[in-house]
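I am attaching a structure below and will ask some questions about it afterwards.
Each reported figure results from applying straightforward, stated rules to the coordinates on display, with no laboratory input. Fair warning: this is a prediction, and the values are worked out from it, not measured in the lab. No Cβ is skipped: glycine too gets one built from the backbone with ideal geometry, and neighbour counts run over all protein chains shown.
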Amino acid sequence: MLKTFCYSKIHRATIKSVDLNYEGSITIDEELLQKADIQPYEQVHILNINNGNRFITYTIPTERNSGIIQVNGAAAHLCQANDLIIIISYCQINISEISPDFLFQPKVVLVDQNNKIVKS
């Protein structure tokens, strides 16, 4: 049996643009993905702080240190530029590896309004 845990998150990122005509996904600055240990094309959950919308998509890396976060395709209907979001990745751990004193610590990347890392 497996239990699902928050593996990492990019907290309070700012959407810089949306593109309804793109095939889907969320485009994220490669530096942010690396610091959060999120792989290209990995499934992530997006939580929109501004309007409460939540959706699941996958990541596409873009230029390192660009600060770009762009929501693409149908998900672009769920947010707009300048919305604050939380990007979460998950992991699954076999229940046999979880002891009573088990405490999983996710990686947390905090960013400013330009999606520059403040703390990781």
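Pick out the one residue from T57, T62 that is among the hydroxyl-bearing types (S, T, Y) and more than 24 Å from F5 (Cα to Cα).
T62
Just for the stretch 8-31: of the residues that are of a type in the set (A, V, I, L, M, F, W, C) and more than 9 Å from the chain's Cα centre (by Cα), which one is farthest from L110 (Cα to Cα)?
The residue in question is L20.
Residues being in contact with an Asp or Glu (Cβ under 8 Å, 6 or more places away or on another chain) and surrounded by fewer than 17 Cβ atoms within 10 Å (Cβ to Cβ): count how many of those fall in the stretch 31-61.
Going through the stretch 31-61 one residue at a time, the tally reaches 4.
Here is a further query. Where in the stretch 1-106 are the strands (runs of 3 or more DSSP E), entirely inside, with at least 1 residues that are aromatic (F, W, Y) and within 19 Å of S120 (Cα to Cα)? Give the steps one after another, and end with the answer.
Details: elements: 2-14, 17-19, 25-29, 43-48, 54-62, 69-72, 84-94.
Ranges flagged: 2-14, 84-94.
Test each condition in (1) surrounded by fewer than 16 Cβ atoms within 10 Å (Cβ to Cβ); (2) under 21 Å from Q113 (Cβ atoms); (3) free of Cβ contacts under 8 Å to residues at least 60 places away in the same chain; (4) not basic (K, R) for S17 and report the one that comes out false.
(3)
For the stretch 76-102, how many residues meet the condition of being loosely packed, with under 15 Cβ neighbours inside 10 Å and closer than 30 Å to K16 by Cβ?
Matching residues across the stretch 76-102 total 5.
If you go through the stretch 30-58 one residue at a time, how many are among the aromatic types (F, W, Y) and at positive phi? First the steps, then the outcome.
Taking the stretch 30-58 as the starting set, the residues that turn out to be among the aromatic types (F, W, Y) are 41, 55, 58.
Those still in the list that are at positive phi too: 41.
Residues that pass the stated criteria total 1.
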